[in-house]
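Remarks on the structure that follows.
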Amino acid sequence: MERMVERSNVQGQRALAEAFAALAEIALTRRVADGHASYENHIPAFSYLLTPKQYDRIRRICREKGWDVPNQKGVLIDLEAVAHPLQSRMAKDHCTVEEVMDILLAAYSPHSQVGLNRPKHGQAIVFNTRYKVRVGKAHFFAVAVLKVRVDGGRKYLAPVTAYHATEAKIRNIS
């Protein structure tokens, strides 16, 4: 049974990597073609499904802060969710596409922990992973910042950004 769960996790991570890669390819193609990323409604999207532990922690944080509590277990990953980290990390930090993809994959992991983005004091919830990613010659933790969006009766999590963080930054996340 344990081996089946492990194989399922590997297959899930592989599928997640393929989904992120497909959106990254679209984002990079459009940036080159248009000079910037453009977002259209017919671009594919997918949901990263939270683990029960992650979902419970997010709901608890939202209740404690008086925010809307998500009633959807998925995080909507659309073109903007991939294009923004690509553009930001490549421009500001000179990351490669592969490094940004590693950041996204590490941040959206069933092994990620959930915490509050304390320095911003906003409605952002942060995923931070125990696994480090390599950016340049150094190793960092991967972080995805999320916010709660409300669409009618649906309350779901949507990405704000993703980045690599030092251990000191991770300690500020509760």
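Hey, which lysines would be in cross-link range of Lys53, C-alpha to C-alpha under 16 Å, not counting anything within fewer than 8 residues on its own chain?
List returned: Lys73.
Please report the net charge: other residues with Cβ closer than 11 Å to the Cβ of Val114, K and R +1, D and E -1.
For residues surrounding Val114, the net value is +3.
Hey, got a sec? Which trypsin sites (Lys or Arg not before Pro) in segment 79-174 land in a DSSP loop and have at most 16 other Cβ atoms within 10 Å?
Lys137
Classify segment 48-99 from the C-alpha gyration tensor, please: rounded if a/c falls under 1.5, else prolate or oblate depending on whether a/b exceeds b/c.
Taking the square roots of the gyration eigenvalues as a ≥ b ≥ c, segment 48-99 is prolate.
Heavy atoms of the protein only, probe of 1.4 Å, neighbouring chains included. What is the accessible area of Thr166 in Å², nearest 10?
Thr166 exposes around 70 Å² with every protein chain in place.
Could you give the length gained on full extension between Glu25 and Lys65, defined as 0.36 nm per residue of separation minus the Cα-Cα distance, in nm?
Here the answer is 10.7 nm.
The values are calculated or read from the model by the stated rules, or taken from the named source; none is laboratory data. What you see is a predicted model; the values in this text were computed from it and never measured. For neighbour counting, all protein chains shown are included, and Cβ atoms are generated from backbone atoms with ideal geometry for every residue, glycine included. Protein only, heavy atoms only, side chains kept; ligands, DNA and RNA dropped before computing areas. Shrake-Rupley method; radii C 1.70, N 1.55, O 1.52, S 1.80 Å.
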